[in-house]
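The values are calculated or read from the model by the stated rules, or taken from the named source; none is laboratory data. Keep in mind the model is a prediction, meaning the values are calculated, not measured. When we count neighbours, we look across all protein chains shown, and the Cβ atoms used for this are built from the backbone with ideal geometry, even at glycine.
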Amino acid sequence: MKIKSLFLTSAMLLLLSGCGNLDKGVSNVDNGNKSDGGNMTTGRIDRSEYQAIINDGRYKTSAARELNATKLNSGYNQDNFESGLLRLSHQTFSPDKYFFQEGQKLDYDTIEKWLARNSDDNNQGLNPADESQPIIFQQLMEQDFLKEDGKTLAGMSLGFAFNSVYYGNDSETSISRDELMANARKTINAVLTRVRKMEGLKNIPIVVGIFEQASKENINGGNYIYTAVSKDGGTTIADFKAVNESHLSLPVASEVKNIATQDGMSTKFNSFQAAVQNFFPNLVGVTGQVYYVDEQVENLTINIETKYYSKTEITSFTQYVGKQVESIFDSVAGNVEVQINSVEGPQAFVAKKPEQKEIISYIFN
């Protein structure tokens, strides 16, 4: 087995994650890169990810940042909502040609008004005025894509999150897919009509994603179910393309049947879980999350919770985990990551990149 091992301090881990993906690795943290227009960018180490623009030495956060972080009912839904929209954006805005910037056109007050119930005081509200009717339109998120000069807005993506369950004061209301889509079509056309009137947005391409928020008890989170692209100043979308993605938790309960049980991923995970627990019997737990796109594994993340052990034990365990990843998940086409943590914090990390045999491991001091 070919394993590349690196020893990193926790501070270095935070540096890497805080600065994003940097072109040519850590060496660019200080020097940075420049767009054609002279703006600094984060750079990247993964060619499939976007470089972000840095303004005056700072990452520019969304104009609706606080709202983006609070409107959905769980962190699982929030993570899937944000990352899924970026993935949909790749199809229209290639990371090789465009820079990413968090949404700057739609601010907190604007989105908050649009998400509210329609009323005499707020005729911008896109949810029903009747309090007995459920709120279906739950969240709107903007992502911007800039040309190579790093300044000119080339297009944007809008993520629309709709509830599958509405939580009232004392009740829960299930919302059918048909009802959700009827609301989505009306809402998206209304938002596009408003957005097209804003400065600089009249004719740019706008990617639209429809996200179905899962119930707050669902630890898998929701999924994008449809997408479309509005071009040439369009304010209505007649046809949406179905999105085939799913987030699943591992291990899968014995009575459950899903794509992970059908393609063998559940069996692979169970074998991995048994192997590492036999090697290190005092583990607190081994769980996983697998993300499918078009019924193919895009990403597999495994979390191993341990008690605190000596450095030599963690080093040996990490090498063993790497061997199991190589042998058990060799045929997995997507990204495989194993995070080894304790109450003290992250202890180690093992990864296998798509279409690569090499296993990379990190052990944190």
Q289 vs (1) buried (at least 16 other Cβ atoms within 10 Å of the Cβ); (2) more than 24 Å from Q347 (Cβ to Cβ): all pass except (2)
Selection from segment 143-179 of residues more than 22 Å from the chain's Cα centre (by Cα), of a type outside the set (D, E, K, R) and within 23 Å of N220 (Cα to Cα) yields Y166, Y167, G168, S171, T173, S174, I175, S176
Only one of these conditions is not met by Y308: (1) loosely packed, with under 15 Cβ neighbours inside 10 Å; (2) touching an Asp or Glu at 6+ places or on another chain (Cβ under 8 Å); (3) modelled with pLDDT of 95 or more. Which number is it?
-> (3)
Is it true that I175 is within 27 Å of L153 (Cβ to Cβ) and either crowded, with 18+ Cβ neighbours inside 10 Å or acidic (D, E) (or both)?
-> no
In segment 270-297, what count of residues is obtained for those that are free of Cβ contacts under 8 Å to residues at least 40 places away in the same chain and out of contact with any helix residue (DSSP H, G or I) (no Cβ under 8 Å at 6 or more places or on another chain)?
-> 11
Failed item, numbered, when T193 is tested on (1) crowded, with 16+ Cβ neighbours inside 10 Å; (2) among the polar types (S, T, N, Q); (3) more than 25 Å from T61 (Cβ to Cβ) | (1)
Which of the residues belonging to segment 195-221 are over 23 Å from the mean Cα position of the chain (by Cα) and either without any contact (Cβ under 8 Å) to a residue 40 or more places away in the chain or not assigned by TED's automatic domain parsing to the domain that holds Q143 (or both)?
-> R196, K197, E199, K202, N203
Matching residues, segment 70-89, being surrounded by fewer than 21 Cβ atoms within 10 Å (Cβ to Cβ), more than 15 Å from L158 (Cβ to Cβ) and within 13 Å of the chain's Cα centre (by Cα) = G75, Y76, D79, S83
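Here's the yes/no breakdown for (1) touching a strand residue (DSSP E or B) at 6+ places or on another chain (Cβ under 9 Å); (2) over 16 Å from F269 (Cβ atoms):
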{"residue": "T315", "(1), (2)": "yes, yes"}
{"residue": "E326", "(1), (2)": "yes, no"}
{"residue": "E344", "(1), (2)": "no, yes"}
{"residue": "K352", "(1), (2)": "yes, no"}
Find the helices (runs of 4 or more DSSP H) located wholly in segment 1-99 whose residues include 1 or more that are in contact with a strand residue (DSSP E or B) (Cβ under 9 Å, 6 or more places away or on another chain) and modelled with pLDDT of 90 or more, and list them.
-> 75-89
Does G233 satisfy being closer than 18 Å to F93 by Cα and touching a Ser or Thr at 6+ places or on another chain (Cβ under 8 Å)?
-> no
Consider A242 carefully, then state whether it is at pLDDT below 95 and within 21 Å of V297 (Cβ to Cβ).
-> no
Of all residues in segment 333-342 being surrounded by 17 or more Cβ atoms within 10 Å (Cβ to Cβ) and farther than 13 Å from E358 by Cα, the one that is nearest to the chain's Cα centre (by Cα) | G334
Which pairs do you get when a residue that is among the aliphatic types (A, V, I, L, M), found in segment 164-180, comes within reach of a residue that is in a strand (DSSP E or B), reach meaning Cβ atoms under 6 angstrom, with the pair 6+ apart or on two chains?
-> V165/E172; V165/S174; I175/N163; L180/F162
